[in-house]
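Below: one structure, written as structure tokens.
The values are calculated or read from the model by the stated rules, or taken from the named source; none is laboratory data. Quantities reported herein were computed from a predicted structural model and do not represent experimental measurements. Cβ placement follows ideal geometry from the backbone for every residue including glycine, while neighbour counts extend to all protein chains displayed.
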């Protein structure tokens with residue numbers, strides 16, 4: 001059997017890598033995971049069923065967590081002040097301070113644990129057996145650790161560098177231009193040693209391929225299946241034959257077209273409600289209060305991933321905000337929406353973006369890019385589900401199981417030509 005070792009933090013690379021690893025052929029691979037102990041950070045319900053039995057976890061304790069330390073430090077400073085104003089300007093200053101501190105750490109705040117991955121690997125895999133290692137960012141420190149392992153063990157190791165999020169080409173890159181030059185230089189040096197490179201979207205693949213001057217393969221994220229034995233902790237209470245629309249997860253006000261939606265909602269409408277599932281967003285809260293939309297826009301609170309997937313099936317529509325900046329942003333909720341088998345409302349963003357291409361392929365999308373389209377949709381919402389389809393075979397192409405099989409095929413093709 002081939003040994004495959006994930007070198008990444010379950011906290012950050014789940015559910016992508018946890019599912020891809022889980023669905024790899026159990027009779028073909030011995031599966032291992034090296035990373036910081038995810039206790040208190042990962043809900044076991046969000047992992048594939050029986051994950052611990054199929055993967056040998058080789059966790060270590062992260063003694064230095066700079067990000068958490070900085071957050072607590074700034075919180076204690078703010079807590080000592082008499083003025084407890086939590087305005088947007090206060091939040092902005094706090095974020096700027098965090099970014100300043102983090103900009104001093106290269107490649108990221110987990111750089112102090114680089115050698116922990118390496119030491120754990122050397123301890124567990126001393127003998128001369130051949131091993132596949134898989135790193136997945138965020139954060140980039142895991143790529144650095146694999147670079148060191150590959151340098152030490154050379155041909156004995158096949159290294160796959162996966163970009164769940166991009167590194168220096170990240171659409172949400174927070175640091176200065178000077179820091180960006182450093183990151184680009186380090187990234188090119190580190191990833192040059194990788195045998196295979198993968199990322200999550202076609203648009204990112206093209207961008208990353210050009211930057212690295214090498215092929216970058218696409219392994220999409222996907223949906224996992226909710227535990228059918230679990231009962232949702234939330235039950236939608238329907239009233240007056242309304243249509244109910246759900247948005248799941250964080251709202252990124254820096255690059256999502258949320259204004260296009262809220263500027264065109266009418267608080268006099270009584271035939272629909274839009275519910276947000278996740279932590280409350282202060283900016284949205286302010287907009288709702290300003291425009292007096294509290295009768296049609298509501299927050300139902302935070303739920304774990306498995307619960308969220310079950311809740312999605314209770315709604316009539318699922319809401320998605322496309323990115324104004326990057327045509328290749330496909331968040332995890334997009335795949336969960338596909339599996340929920342509900343019409344997906346896609347608001348704003350770039351024309352012919354990757355999410356829109358997938359929705360057109362599935363024939364499940366209601367694409368609203370202009371003001372008049374939104375107004376027409378909400379005025380006639382009771383009649384808008386006609387012509388939408390559900391194709392189980394097409395749906396399955398966006399499952400983690402399918403993407404894991406695609407990853408396995410990619411590995412097989414590479415190993416045929418690899419001189420082990």
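General observations
- Given (1) out of contact with any strand residue (DSSP E or B) (no Cβ under 6 Å at 6 or more places or on another chain); (2) at pLDDT 95 or above, number of the condition residue 55 does not satisfy: (1)
- Within this structure, residue 250 passes the test of being in the same structural domain as residue 328 (by TED's automatic domain parsing) and part of a loop (DSSP other than H, G, I, E, B).
Residues are listed down the side, and each one gets a yes or a no for (1) in the same structural domain as residue 255 (by TED's automatic domain parsing); (2) crowded, with 21+ Cβ neighbours inside 10 Å; (3) in a helix (DSSP H, G or I); (4) touching a strand residue (DSSP E or B) at 6+ places or on another chain (Cβ under 9 Å):
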| site | (1), (2), (3), (4) |
| --- | --- |
| 342 | yes, yes, no, yes |
| 345 | yes, yes, no, yes |
| 352 | yes, no, no, no |
| 373 | yes, no, yes, yes |
| 403 | no, yes, yes, no |
| 408 | no, no, yes, yes |
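- From the options 334, 315, 377, 321, residue that is crowded, with 22+ Cβ neighbours inside 10 Å, assigned by TED's automatic domain parsing to the domain that holds residue 264 and over 24 Å from residue 230 (Cα atoms): 321
- Residue within the range 23-41 that is at pLDDT below 90, within 21 Å of residue 110 (Cα to Cα), surrounded by fewer than 18 Cβ atoms within 10 Å (Cβ to Cβ) and touching a helix residue (DSSP H, G or I) at 6+ places or on another chain (Cβ under 6 Å) present: yes
- Entry remark, the range 42-65: residues being surrounded by fewer than 15 Cβ atoms within 10 Å (Cβ to Cβ) and under 17 Å from residue 307 (Cα atoms) number 4 in total.
- Matching residues in the range 117-136 - criterion: being within 16 Å of residue 33 (Cβ to Cβ) and in contact (Cβ under 8 Å) with a residue 60 or more places away in the chain: 117, 120, 121, 124, 125, 131, 132, 133, 134, 135, 136
- Among residues of the range 139-151 that are over 15 Å from residue 192 (Cβ atoms), those with a Cβ under 6 angstrom from a residue that is crowded, with 24+ Cβ neighbours inside 10 Å, sequence gap 6+ or separate chain, pair up as 139/110; 141/110; 142/7; 142/8; 142/135; 145/7; 145/117.
- Filter pass, residue 220 being touching a residue at least 24 places away in the same chain (Cβ under 8 Å), within 30 Å of residue 184 (Cβ to Cβ), touching a helix residue (DSSP H, G or I) at 6+ places or on another chain (Cβ under 7 Å) and part of a loop (DSSP other than H, G, I, E, B): yes
- In the range 170-180, the count of residues that are touching a strand residue (DSSP E or B) at 6+ places or on another chain (Cβ under 7 Å) and on the phi < 0 side of the Ramachandran plot is zero.
- Test: residue in the range 315-327 that is in a helix (DSSP H, G or I), touching a residue at least 24 places away in the same chain (Cβ under 8 Å) and within 18 Å of residue 234 (Cα to Cα): no
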